[in-house]
Structure formats: C-alpha cells, structure tokens
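Input: a single structure, listed below in structure tokens.
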Amino acid sequence: MLNKLSELSKDVKNIEHKSINGQEAEIIKYNNRKTEIIFKDGSKIVTVKNGTKIVSTSYDKDENKKEEKVEDGDNIDTTIYKDGKKTRLINTNINDNTRVTIYYDENEKPSKKELEKDNVHGFYENV
C-alpha cells in the first residue's frame with residue numbers, strides 16, 4: 001500500500017487548502033494537467049485539460065456523478081445526472097448564441113429537445 005501511495009504522490013504538483021463558496025476544500029494539482037477539488041463533505045470536482053478541451057466532472061460525497069462539462073472552443077456540453085442517470089444534455093455555442101437542451105427519460109433515452117437562439121425558444125417532443 002505504501003508503494004502505491006508513494007507512486008501516486010509523484011504525480012502531484014501541489015496541494016493547497018482553500019475556502020470555496022464558504023466550503024473548506026483541498027485542491028490537488030497533478031503534473032498531467034488534472035485538478036481535483038475535494039470538499040470537506042466528500043464531494044469533489046475533477047478537471048482535466050487536454051489541448052483546447054477542458055472536462056470538468058462533479059461528484060457527490062458517494063462518488064455519484066452529478067454533472068459533466070466539456071468545453072472545447074466555442075462549444076460547451078453540460079450533462080446533468082440524477083441518481084446516476086443522465087437527465088439533460090445542454091449544448092451551448094457561444095459564437096452563434098445558441099443552446100440546445102435534450103431531456104432524457106428514466107431509461108436515459110432522449111424524450112424532448114429545446115432549442116434557443118437569441119432568446120427565441122422551440123420545443124420538440126419524441127426526439
């Protein structure tokens with residue numbers, strides 16, 4: 001076990017303690033461009049940078065995925081999870097001011113799509 005911990009610590013660039021939005025947190029930055037923010041309650045946010053792409057995933061204290069955000073240039077895809085299942089996917093394009101939201105049913109199948117461009121909305125059922 002100590003060998004495993006020693007091996008993992010080689011990847012750590014630095015560790016700092018901060019208060020984020022009133023919560024105590026430990027921020028661990030790794031040499032491979034990964035960052036973990038671990039809150040006192042056990043929830044965490046893991047961010048990985050790869051070229052122009054940034055992937056941030058948040059987990060609750062029980063390691064259940066809550067949200068995953070993928071930023072790549074002008075596109076941001078945000079997937080929302082509840083009880084370990086995908087409930088929404090929101091695609092935002094900053095350049096052309098559009099947002100597409102896909103809602104998922106309890107079987108994680110797309111059920112409804114919402115389009116928004118320049119504050120004009122449109123809904124589509126059974127996508």
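The values are calculated or read from the model by the stated rules, or taken from the named source; none is laboratory data. The structure displayed is predicted, hence computed values, not measured ones. Note: ideal-geometry Cβ built from the backbone for every residue, glycine included; neighbour counts use all protein chains shown.
Remarks
- Count - residues of the range 98-112 that are under 21 Å from the mean Cα position of the chain (by Cα) and in contact (Cβ under 8 Å) with a residue 12 or more places away in the chain: 10
- Considering the range 16-57, and only residues there that are loosely packed, with under 12 Cβ neighbours inside 10 Å and β-branched (Val, Ile, Thr), the residue that is farthest from LYS69 (Cα to Cα) turns out to be ILE20.
- Sole residue being in contact with a Gly (Cβ under 6 Å, 6 or more places away or on another chain), within 22 Å of ILE80 (Cα to Cα) and modelled with pLDDT of 90 or more, chosen from LYS61, LYS34, LYS49: LYS61
- Qualifying residue in the range 75-83 (condition: surrounded by 11 or more Cβ atoms within 10 Å (Cβ to Cβ), among the acidic types (Asp, Glu) and within 30 Å of TYR124 (Cα to Cα)): yes
- Single unsatisfied condition, VAL100 versus (1) exposed (fewer than 12 other Cβ atoms within 10 Å of the Cβ); (2) closer than 24 Å to HIS121 by Cβ: (1)
- Per the listing LYS61, LYS34, the residue uniquely under 27 Å from THR92 (Cβ atoms) and either among the small types (Gly, Ala, Ser) or free of Cβ contacts under 8 Å to residues at least 24 places away in the same chain (or both) is LYS34.
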